[in-house]
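Here is the structure we will look at, set down as structure tokens.
The values are calculated or read from the model by the stated rules, or taken from the named source; none is laboratory data. Every value quoted in this text rests on a predicted model; they were computed, and no experiment measured them. Cβ sites come from the backbone with ideal geometry, for glycine too, and all protein chains shown count toward neighbours.
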Amino acid sequence: MKRFKFIFAVLFIFCGFILGMFVQTQMTITTAMVEQAEKLIGLNFNDAKRDSMLEGLQEQLGNYENMRKVNLPNSVMPAVQFNPIPVGFKFETERRPFKSSKLDKVVPDKIEDVAFYSVGELAYLIKNKKITSVQLTQMYLDRLKKYGPKLECVITLTEELAMKQARRADEEIGKGKYRGELHGIPYGIKDLLSTKNYK
């Protein structure tokens with residue numbers, strides 16, 4: 001963290017110099033320059049750390065010089081919004097129901113072989129009652145217990161909640177209340193999620 005704080009602070013300090021006397025020339029940043037910048041921002045590094053910063057600082061300097069080569073008038077507004085939609089692209093205004101692809105998947109002899117099936121394929125098996133959500137959920141829980149410690153990919157294993165939701169999904173599907181392609185599909189959530197009874 002200190003290193004990044006230092007790098008950005010140094011670049012800010014050097015900005016005035018870059019915009020002036022070094023616009024037309026390629027400046028080489030030295031450890032002596034880094035040492036002087038430390039005094040201005042209240043940090044202190046040894047020679048080894050200063051030396052390790054040089055490549056990154058030089059790269060950033062080159063980036064600034066390249067940006068200044070772009071003819072960008074003051075009338076151009078800052079990029080305050082990222083819009084990935086291509087110019088001229090128009091979305092359809094008519095809402096249409098989702099239609100899943102027609103599949104013909106069978107359950108293999110070993111249920112673990114479906115571990116890498118797509119969500120669409122798993123949904124087909126559940127919808128057509130070729131496999132239950134409980135079976136699928138238990139298989140994935142077993143895999144998480146087996147591979148989780150080695151891969152270090154699990155923080156909280158919500159086994160009780162997962163099985164409760166799976167049983168409820170199977171009950172609803174059994175009554176003909178199929179909610180859609182994600183109904184009964186086990187899932188994992190990547191960090192920053194809070195749910196009742198779990199820390």
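Quick look at the numbers
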item	result
Residues of the stretch 102-148 that turn out to be touching a Cys at 6+ places or on another chain (Cβ under 9 Å) and buried (at least 17 other Cβ atoms within 10 Å of the Cβ), as a count	1
Residues (of a type in the set (S, T, N, Q) and surrounded by 14 or more Cβ atoms within 10 Å (Cβ to Cβ)) located in the stretch 149-170	THR158, GLN165
Pairs with Cβ under 6 Å, 6+ apart, first in the stretch 131-148 and not assigned by TED's automatic domain parsing to the domain that holds PRO186, second surrounded by fewer than 19 Cβ atoms within 10 Å (Cβ to Cβ)	none
Residue, farthest from VAL134 (Cα to Cα), within the stretch 159-186, restricted to residues that are of a type outside the set (Lys, Arg) and out of contact with any helix residue (DSSP H, G or I) (no Cβ under 9 Å at 6 or more places or on another chain)	GLY176
Residue satisfying all of: in the stretch 171-184; surrounded by 14 or more Cβ atoms within 10 Å (Cβ to Cβ) and part of a loop (DSSP other than H, G, I, E, B); modelled with the lowest pLDDT among these	GLU181
So ASP142, is it of a type outside the set (Ser, Thr, Tyr) and in a helix (DSSP H, G or I)	yes
Residues (small (Gly, Ala, Ser) and surrounded by 15 or more Cβ atoms within 10 Å (Cβ to Cβ)) located in the stretch 29-55	ALA37
The lone exception for LEU192 - which of (1) in a helix (DSSP H, G or I); (2) surrounded by fewer than 11 Cβ atoms within 10 Å (Cβ to Cβ); (3) not acidic (Asp, Glu) it fails	(1)
Qualifying residue in the stretch 185-192 (condition: at pLDDT 95 or above, in the same structural domain as ILE111 (by TED's automatic domain parsing) and within 19 Å of ALA115 (Cβ to Cβ))	yes
Residue among LYS99, LYS69 that alone is over 29 Å from the mean Cα position of the chain (by Cα) and either surrounded by fewer than 10 Cβ atoms within 10 Å (Cβ to Cβ) or not assigned by TED's automatic domain parsing to the domain that holds LEU182 (or both)	LYS69
Condition check for ARG168: touching an Asp or Glu at 6+ places or on another chain (Cβ under 8 Å) and either part of a loop (DSSP other than H, G, I, E, B) or free of Cβ contacts under 8 Å to residues at least 60 places away in the same chain (or both)	no
Hits in the stretch 126-153 (condition: touching a Pro at 6+ places or on another chain (Cβ under 9 Å) and among the hydroxyl-bearing types (Ser, Thr, Tyr))	SER133, THR137, TYR140
